[in-house]
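The values are calculated or read from the model by the stated rules, or taken from the named source; none is laboratory data. Keep in mind it's a predicted model, so treat the numbers as computed, not measured. FYI the Cβ positions are ideal-geometry reconstructions off the backbone, even for glycines, and counts take in every protein chain you see. These area figures cover heavy atoms from the full protein model, side chains too; ligands, DNA and RNA do not enter into them. Shrake-Rupley method; radii C 1.70, N 1.55, O 1.52, S 1.80 Å.
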Amino acid sequence: GGGGGGGGGGGGGGGGGLGAAAERAARLTALLREAEAVVRQSVPELRWLLRHPLWLPVPLAPLCKALQWESAEVAYLLLAALTDQRVLLHSRDPLVAFSAASALRCLLAPLEYSGVFIPFLPAGLMPLEDARTLLFDCSTPYLIACETLLVARLGAVPDVAVVADLDRGAVHKAPSTEWFSARAPPVLSLCTELAACMGDCIRFRQSGVQVACLRFVVDVLNLGSGFLASSRAPADDAARRQLALLRTFADDVTSRCRAKGLGADALASLQRARLQSEGAILADVCDVALASAGEARAERLTADGGAWHRGGQDNWAAGLLGDAAPHAGGLAAQLAGGGEPAPG
């Protein structure tokens, strides 16, 4: 009888514990519902924030720290992504690999990366041969971060890819990026601005890094006041005249369409066609420069008293602005005319 009473007392205590847990669960449920209501009221603002090109979902510090605060390495990876190189980042720490790849993608803003993007590829996610095919035989640009273990199992890295070992801060430069020089314009200005924001964890300024990369991308692709606008080369002058005629024609057609009462879809199609045409004009500039140079290698941008012009043999501008970047929807076309991405 005494044992039964003790058991009954224990059952009563258990019932009290369950009651307290149920009460806590009810309070938590009520709080979650309140939070949901607040979030629903802010959906338009949150949607705008998450879609804004300057929104940073991840910090930039892990990428810069992994590269040992070297501004030239950050600039190199940025240009590698801009010029549609295959970029492979690897680390023993999955968080470092994921954060670095996501940060590099964000630094392309206001452009959108349209190649193959895998922020983290675990070593055991797919068979080794499938991983080898992805990294070695992929015919499109990619930005992939993976475990160092996967690289070790493969036994090698793709020769044609840009490969960054985030644990050692070492970057293997692809043969197709021989044009890169941190000591020559226009990369020099980017490296100088980045260096002022880095150095160590204490001196690091995330906003400064973001602004430096944004300024560089906009200056390269801005048709109105960027590098092309201040060029003295005859080919660039001809391109500016073509762009002016194209814009005059596009504005006239748009006005006529609006007068005829055409809908928003038709006007959006006209805008996309205009952006694609501007990108094609910039590609023609590169082709003319290559032909006039008479060299099989690409073109290089050089500076003379602050005025940009084309000369030399490295394919930097052609890869960045022209048909060599089809998977980015035409990088120049994305920025020209308001920064809206052209369709892929």
Restricting to region 197-250, give me the number of residues that are surrounded by fewer than 16 Cβ atoms within 10 Å (Cβ to Cβ) and within 20 Å of the chain's Cα centre (by Cα).
5
Would you mind listing the strands (runs of 3 or more DSSP E) fully within region 77-188 where at least 1 residues are in contact with a helix residue (DSSP H, G or I) (Cβ under 6 Å, 6 or more places away or on another chain) and open to solvent by less than 10 Å² (accessible area, probe 1.4 Å)?
87-91, 142-147, 162-165
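Would it be correct to say that Gln206 is within 23 Å of Ala80 (Cβ to Cβ), modelled with pLDDT of 85 or more and not small (Gly, Ala, Ser)?
yes
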Name the residues in region 189-207 that are in a loop (DSSP other than H, G, I, E, B) and of a type in the set (A, V, I, L, M), would you?
Ala196, Met198, Ile202
Can you work out which of the residues in region 49-76 that are in a helix (DSSP H, G or I) and without any contact (Cβ under 8 Å) to a residue 24 or more places away in the chain is most open to solvent (accessible area, probe 1.4 Å)?
Arg51
Give all pairs with beta carbons closer than 8 Å in which a residue from region 163-190 that is closer than 23 Å to Ala145 by Cβ and at pLDDT below 90 meets a residue that is open to solvent by less than 40 Å² (accessible area, probe 1.4 Å) and part of a loop (DSSP other than H, G, I, E, B); count only pairs at least 6 apart in sequence or on separate chains.
Ser176/Gln85; Thr177/Thr83; Thr177/Gln85
Which one is farthest from Ala80 (Cα to Cα), of the residues in region 109-124 that are touching a strand residue (DSSP E or B) at 6+ places or on another chain (Cβ under 9 Å) and hydrophobic (A, V, I, L, M, F, W, C)?
Ala123
Would you confirm whether or not region 96-117 contains a residue that is over 30 Å from Pro186 (Cα atoms) and without any contact (Cβ under 8 Å) to a residue 40 or more places away in the chain?
no
